[in-house]
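The values are calculated or read from the model by the stated rules, or taken from the named source; none is laboratory data. For clarity, every value in this text was computed on a predicted model and none was experimentally measured. Heads up, the Cβs are rebuilt from the backbone with ideal geometry, glycines too, and the neighbour counts pull from every protein chain shown. Calculation scope for accessible area: heavy atoms of the full protein, side chains included, ligands and nucleic acids excluded. Shrake-Rupley method; radii C 1.70, N 1.55, O 1.52, S 1.80 Å.
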Amino acid sequence: MKFLDEAKVYVKAGDGGDGVVAFRREKFIEFGGPDGGNGGKGGDVVAEAVEGLNTLIDFRYAQHFKARKGGNGAGADRTGAGSDDVVLKVPVGTQILAEDRETLLADLDAPGKRVIIARGGDGGFGNANYKTSTNRAPRRADKGWPGEERWLWLRLKLIADAGLVGLPNAGKSTFLAAVSAAKPKIADYPFTTLHPQLGVVRLNATEEFVLADIPGLIEGAHEGAGLGDRFLGHVERCAVLLHLIDGTQADPAGAYRTIRGELEGYGHGLVDKPEIVALNKADAMTAQARASRVKALERACGRPVMLISGATGDGVPGVLRALADTIAAHRRGD
């Protein structure tokens, strides 16, 4: 299934039904009086977060959603039928934005969460509603109120506990494939991963978390270079970032600073998230190179650096334990 994390949709709620002018006409009732009923309410357009979806691809091919008009009133004080709602089923983590793409209207971050994005119009009053002691035969009835209509943007931010960031070819896809059942494409050229990938990491029978692999950033990504930074929105909800550095390159400290600069340029609090730094591809380095590059990287980031190999699994359990402990602390609110 193709991954799509943004979609523009048009929604139109149903108009209210019209009220009617009617009078009671029966053989043995001389002055029956007004009995025109009110119109029914138009249908709402509702967005609902459901489990089992992880893309907005359905809204690539169906972009217009309209609810039906409420039923008109009738004689004998009969109110028109209300129309059914139109429900847009979206993945958990979907944000609903106004047409300006900045105003946040709703954040559906939990399964079953619902929000009305276009409210149906109320029905108009029939002439029975205007009956008074001085106006016993009103001939006034109102049209139904129009339903709301608007263009909206749907933006998906995946729900993941931990996010993988790093330059292209840092070994993120290899790491994800090694620790979960995910099967991302792995190749020896940059930008192999074009869309975010999710994997569930199970440490034991009681501990598990969701890991998101974000396509490789490059210098200038926050200004649109490479794939840009549009996929960084998928790690905004993460409790911790795992920053993978390719240990086979000459300047791992420079690679670290590049990614940190892009996170800072993107904003949204990513630079303030807990971060675990790991020097990857330990199996492809000599012992001397491992020692010197770990030391240089620790000076650059100001924290301990873990040495791992996603290909052989060396050091991976320690990284997973550190991620799980940080996620557990976040869930407890520590």
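Brief remarks follow.
- Taking the chain and dividing mean pair separation by its residue count, relative contact order in percent (alpha carbons under 8 Å, at least six apart): 16
- Normalised contact order of the stretch 263-324, rounded percent, pairs of Cα under 8 Å and 6 or more residues apart: 35
- For the chain, the Kirkwood hydrodynamic radius comes to 23.5 Å, computed from all pairs of different C-alpha atoms.
- Listed residue (ALA289, HIS243, SER83) projecting farthest to the positive dipole end of the chain, Cβ model: SER83
- Gain upon complete extension [THR312, SER133; 0.36 nm per residue less C-alpha separation]: 55.4 nm
- When the listed pairs LYS113/LYS172; LYS41/LYS89; LYS27/LYS143 are checked against a 26 Å cut-off, the alpha-carbon distance exceeds it for LYS113/LYS172; LYS27/LYS143.
- Portion, in percent, of the accessible area of the chain that falls on carbon or sulfur, probe 1.4 Å: 49
- Cα pair distances in the stretch 57-207, grouped into 5 Å bins until the bin that holds the longest one, percent each: 2, 7, 11, 12, 11, 10, 10, 8, 7, 5, 4, 3, 3, 3, 2, 1, 0, 0
- Relative contact order [Cα under 8 Å, 6+ residues apart], the stretch 45-101, whole percent: 51
- Protection proxy ranking of 55-61, 250-256, by the mean of other Cβ atoms within 10 Å over each peptide's residues and highest first, is 250-256, 55-61.
- Cα convex hull of the stretch 1-144 - mean projected area over all directions, nm²: 11.7
- Charge dipole (debye, nearest 20) of the chain; +1 at Cβ of Lys and Arg, -1 at Cβ of Asp and Glu: 840
- Cα→Cβ-extended label distance, 7 Å offset, between ARG303 and ASP272, nm: 1.5
- Residue-normalised accessible area of the chain, expressed per residue, 1.4 Å probe, Å²: 50
- Prolate/oblate/rounded label for the stretch 54-134 (Cα gyration tensor, a/c 1.5): prolate
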